[in-house]
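Peer 1: Before anything else, here's the structure in question.
The values are calculated or read from the model by the stated rules, or taken from the named source; none is laboratory data. Note that the structure is predicted; figures quoted are calculated from it, not measured. Every residue, glycine among them, receives a Cβ derived from its backbone with ideal geometry; neighbour counts consider all protein chains shown.
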Amino acid sequence: AQSVTQLGSHVSVSEGALVLLRCNYSSSVPPYLFWYVQYPNQGLQLLLKYTSAATLVKGINGFEAEFKKSETSFHLTKPSAHMSDAAEYFCAVRSDTGRRALTFGSGTRLQVQP
Amino acid sequence: SAVISQKPSRDICQRGTSLTIQCQVDSQVTMMFWYRQQPGQSLTLIATANQGSEATYESGFVIDKFPISRPNLTFSTLTVSNMSPEDSSIYLCSVVSQGSGNTEAFFGQGTRLTVV
């Protein structure tokens, strides 16, 4: 079975500050890990994904995440927040074989203060 | 990549009625997934729809309530039957890319359903 825990349902940062959104996973098999962003009244957009290649993954809009197996973590970071980053962020996991559906975390709403 | 079109984008329905949501993909895909996102919540998998076989439902979801059709490799429908206000949610269609790596999931824009 797989699961994802996102710590912090709401995160607020100032514009220009570091963004850190936390994600811990549980998986009995090597996982694929994803971060998705959802803007108000829109669908999900893939930010980045880890698929057992490089542990530091760079995504769109300046976001990156580091896969740490020893900590079972896949935290999302961005050095400098922009107002347009305000959205809901979801971490998700799936196995590399068999079941292809994603298991999502509960989501983190990012607010960016001017 | 895959482009997914979902219809309708939103609807307001009377309790006791049914709504069918359509999902059209611009390429052939083996697996299609239907998720539900209740207000302020994360996404929960309803079922996996494979062409030529019965959909596989997750715990807590049944075919009588959420019948699914998958007539070909580019199209699927999800029906929300005998609706109640508790069914008010966003319903999303998703596919996994058929390309190299077969890792990325793509999502439609969702159908925002309000039951009154």
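Peer 1: In the range A:1-87, which strands (runs of 3 or more DSSP E) lie fully inside it and hold 2 or more residues that are away from chain B (no Cβ under 12 Å) and among the hydroxyl-bearing types (Ser, Thr, Tyr)? Give the steps one after another, and end with the answer.
Peer 2: Values: elements: A:3-7, A:10-14, A:19-26, A:31-38, A:44-50, A:56-58, A:64-68, A:73-78.
The qualifying strands (runs of 3 or more DSSP E) are A:10-14, A:19-26, A:73-78.
Peer 1: State all residues of the range B:31-41 that are surrounded by fewer than 13 Cβ atoms within 10 Å (Cβ to Cβ) and either touching a residue at least 40 places away in the same chain (Cβ under 8 Å) or more than 11 Å from chain A (Cβ to nearest Cβ) (or both); if no residue qualifies, say none. Full working, then the answer.
Peer 2: The initial filter retains those residues of the range B:31-41 that are surrounded by fewer than 13 Cβ atoms within 10 Å (Cβ to Cβ), namely B:39-40.
The one that is surrounded by fewer than 13 Cβ atoms within 10 Å (Cβ to Cβ) and either touching a residue at least 40 places away in the same chain (Cβ under 8 Å) or more than 11 Å from chain A (Cβ to nearest Cβ) (or both): B:Pro39.
Peer 1: Continuing with this model, one more query. For residues in the range B:75-116 being modelled with pLDDT of 95 or more and assigned to a loop (DSSP other than H, G, I, E, B), which is farthest from the other protein chains (Cβ to nearest Cβ)?
Peer 2: If we take residues in the range B:75-116 being modelled with pLDDT of 95 or more and assigned to a loop (DSSP other than H, G, I, E, B), then B:Asn82 is farthest from the other protein chains (Cβ to nearest Cβ).
Peer 1: B:Ser59 - would you say it is surrounded by fewer than 18 Cβ atoms within 10 Å (Cβ to Cβ), closer than 27 Å to A:Thr5 by Cβ and within 14 Å of another protein chain (Cβ to nearest Cβ)?
Peer 2: Against the criterion (surrounded by fewer than 18 Cβ atoms within 10 Å (Cβ to Cβ), closer than 27 Å to A:Thr5 by Cβ and within 14 Å of another protein chain (Cβ to nearest Cβ)), B:Ser59 qualifies.
Peer 1: Follow-up. Just name the residue that is modelled with the lowest pLDDT out of those in the range A:88-114 that are of a type in the set (S, T, N, Q) and assigned to a loop (DSSP other than H, G, I, E, B). Let's see the steps before the verdict.
Peer 2: Step one: of the range A:88-114, the residues of a type in the set (S, T, N, Q) are A:95, A:97, A:103, A:106, A:108, A:111, A:113.
Pick out the ones that are also assigned to a loop (DSSP other than H, G, I, E, B) and you get A:97, A:106.
Details: A:Thr97: 63, A:Ser106: 93.
Applying the filter and picking the extreme gives A:Thr97.
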